[in-house]
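A.B. asks: Quick one: structure below, then a few questions.
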Amino acid sequence: MTVLTVSSPPIEPVYPSGDGEPVAETFDHLYALLITLEVLRQYLVGEQATVLGNQYLYYAQGYPRLRTAPDVMVIFKVEPGGRDNYKIWEEGQVPSVIFEMTSASTRDQDQGFKRTLYEQLGVQEYWQFDPKGEWIAEQLRGFRLQNTPEPTYAPITDGQSQPLQLRLQAEGRLIGFYRLDTGEKLLIPEELAIALRTEQQRAETEYQRAETERKRSKELAAQLDRYRQLFGELPENQ
């Protein structure tokens with residue numbers, strides 16, 4: 001009798017979803033991260049895309065130590081929704097746009113390891129935002145991958161994100177996002193709340209105006225009825 005010997009399949013290593021480290025080093029960096037994440041998430045609702053924040057990006061199957069954690073990354077042509085981490089070989093797509101909320105203490109890594117890694121992975125755009133202006137005078141700078149034999153980032157000079165179809169600019173401690181097709185700004189949660197209150201107040205004012213006009217019309221109709229009761233029908237204009 002022939003006995004077949006079958007080797008056991010290799011055991012897939014564990015890919016952690018967190019390291020216990022703080023999400024950001026200061027409140028300004030955390031706020032910029034969270035607002036960017038939420039604004040882009042709202043903008044891409046209904047699209048075949050996901051936006052992830054401060055989650056591990058694994059780029060080499062079988063090597064869980066080969067990872068990075070972009071502050072915000074946008075990935076197109078994948079199922080919407082959150083993930084505990086992102087594995088390129090499982091999803092089949094590399095992030096199209098990555099944002100790093102940079103500082104003086106992370107400058108070397110953001111300019112060195114991460115920039116080189118994102119170039120090699122084929123990330124179309126890499127944006128660095130310095131909310132405190134510690135080392136980027138203009139606070140926001142972007143790089144776009146060039147179609148050359150070797151992937152190389154070149155500075156973005158027009159402030160536009162091609163994959164997102166948005167114009168970006170530094171606005172205080174946040175990034176402002178504007179649609180290229182309409183020029184409309186993507187509102188942050190606080191601005192959305194103000195816009196909602198303003199709209200509610202406008203609607204209430206319109207309602208009160210309509211109610212006043214309705215009451216006035218009712219009063220005029222009642223006066224006309226009383227006139228007819230006293231004097232009969234009004235003569236028609238000749």
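The values are calculated or read from the model by the stated rules, or taken from the named source; none is laboratory data. As the structure is a prediction and not an experimental result, all values here were calculated from the model. So basically every Cβ, Gly included, is an ideal-geometry build from the backbone, and we count neighbours across all protein chains shown.
A.B. asks: Tally time: how many residues in the stretch 92-104 are closer than 22 Å to I35 by Cα and either out of contact with any helix residue (DSSP H, G or I) (no Cβ under 9 Å at 6 or more places or on another chain) or surrounded by fewer than 17 Cβ atoms within 10 Å (Cβ to Cβ) (or both)?
C.D. replies: 2
A.B. asks: If you don't mind, another one. Out of the stretch 161-196, which residues are in contact with a strand residue (DSSP E or B) (Cβ under 8 Å, 6 or more places away or on another chain), under 27 Å from S103 (Cα atoms), modelled with pLDDT of 95 or more and among the hydrophobic types (A, V, I, L, M, F, W, C)?
C.D. replies: L164, L166, L168, A170, I175, F177, L186
A.B. asks: Just need a number here: residues in the stretch 108-118 that are surrounded by fewer than 19 Cβ atoms within 10 Å (Cβ to Cβ) and within 21 Å of L168 (Cα to Cα).
C.D. replies: 2
A.B. asks: Condition first: of a type in the set (S, T, Y), in contact (Cβ under 8 Å) with a residue 60 or more places away in the chain and either part of a strand (DSSP E or B) or under 26 Å from V78 (Cα atoms) (or both). Now tell me which residues in the stretch 95-148 satisfy that.
C.D. replies: Answer for the stretch 95-148, where residues must be of a type in the set (S, T, Y), in contact (Cβ under 8 Å) with a residue 60 or more places away in the chain and either part of a strand (DSSP E or B) or under 26 Å from V78 (Cα atoms) (or both): just S96.
A.B. asks: Filter the stretch 27-51 down to the residues that are farther than 20 Å from R167 by Cα and touching a strand residue (DSSP E or B) at 6+ places or on another chain (Cβ under 6 Å) and list them by number.
C.D. replies: Answer for the stretch 27-51, where residues must be farther than 20 Å from R167 by Cα and touching a strand residue (DSSP E or B) at 6+ places or on another chain (Cβ under 6 Å): just H29.
A.B. asks: Has the stretch 80-103 got any residue that is among the aliphatic types (A, V, I, L, M) and over 21 Å from the mean Cα position of the chain (by Cα)?
C.D. replies: Checking the stretch 80-103: not a single residue is among the aliphatic types (A, V, I, L, M) and over 21 Å from the mean Cα position of the chain (by Cα).
A.B. asks: Could you grab me the full set of residues in the stretch 48-79 that are under 15 Å from the mean Cα position of the chain (by Cα), surrounded by 20 or more Cβ atoms within 10 Å (Cβ to Cβ) and outside any strand (DSSP E or B)?
C.D. replies: Selection gives P70, D71.
A.B. asks: Oh, and also: Pairs under 7 Å by beta carbon, first residue on the phi > 0 side of the Ramachandran plot and at pLDDT 95 or above in the stretch 37-62, partner among the acidic types (D, E) and surrounded by fewer than 19 Cβ atoms within 10 Å (Cβ to Cβ), six or more apart or different chains?
C.D. replies: Qualifying pairs under 7 Å: none.
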